[in-house]
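**Q** Following this message is one structure expressed as structure tokens.
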Amino acid sequence: MAEAKKYAIEVRVRTQYLADQSDGEAGRHVFSYTIAISNVGTVAAQLISRHWIITDGDGTVQEVRGLGVVGHQPLLQPGQSFEYTSGCALATPVGTMKGSYQLTAEDGVQFEAPIAEFVLSMPRTLH
């Protein structure tokens, strides 16, 4: 049997288009994303910061770095999860986000948890 990883974070994402906050004619498309961060490792770890790369449908890239997520720097014990919802506005009806979380384990080791690229899409724009 494979040894469990000490430092392992699983990231799951759900997205939603917010039509009531969007204005397509003004080039404003607003999306929410709900992220569940789970510590699937064997050592407690605290989420310190985030790094996002947001790309709209025209290829315009925006990078966002900051401490924590939605004002929190959650400490996740093995098996624990933290879920939050945030959002972003794009000039196009389709775009992507990807990035990483930077964490510090309780033993002092710093590591990154990658966030796989996911699509932000207005309904009925992708087939």
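Just so it is clear, none of the values below were taken in a lab; they were calculated from the coordinates. Since we're looking at a predicted model, the values are computed, not measured.
**Q** Note the full-extension length gain between Q102 and Q21 as 0.36 nm times their separation in residues minus their Cα-Cα distance, in nm to one decimal.
**A** 26.1 nm
**Q** Follow-up question, since we're still on this one. Mean separation of Cα pairs under 8 Å and 6+ residues apart, divided by the residue count of the chain: what relative contact order is that in percent?
**A** 28 percent
**Q** Given C-alpha coordinates of the chain, what is the ratio Rg to Rh with the Kirkwood estimate of Rh?
**A** The Rg/Rh ratio comes out at 1.04.
**Q** Got a sec to turn the phi values of region 11-16 into Karplus ³J(HN,Hα) couplings, 6.51 cos²θ - 1.76 cosθ + 1.60 with θ = phi - 60°, whole Hz, x for Gly and Pro?
**A** So the J values, rounded to whole Hz, are 10, 10, 10, 10, 10, 8.
**Q** Considering amide H positions built from the backbone, and no H for Pro or chain starts, which residues 5 or more places from G68, or on another chain, come under 5 Å of its amide H?
**A** S49, R50
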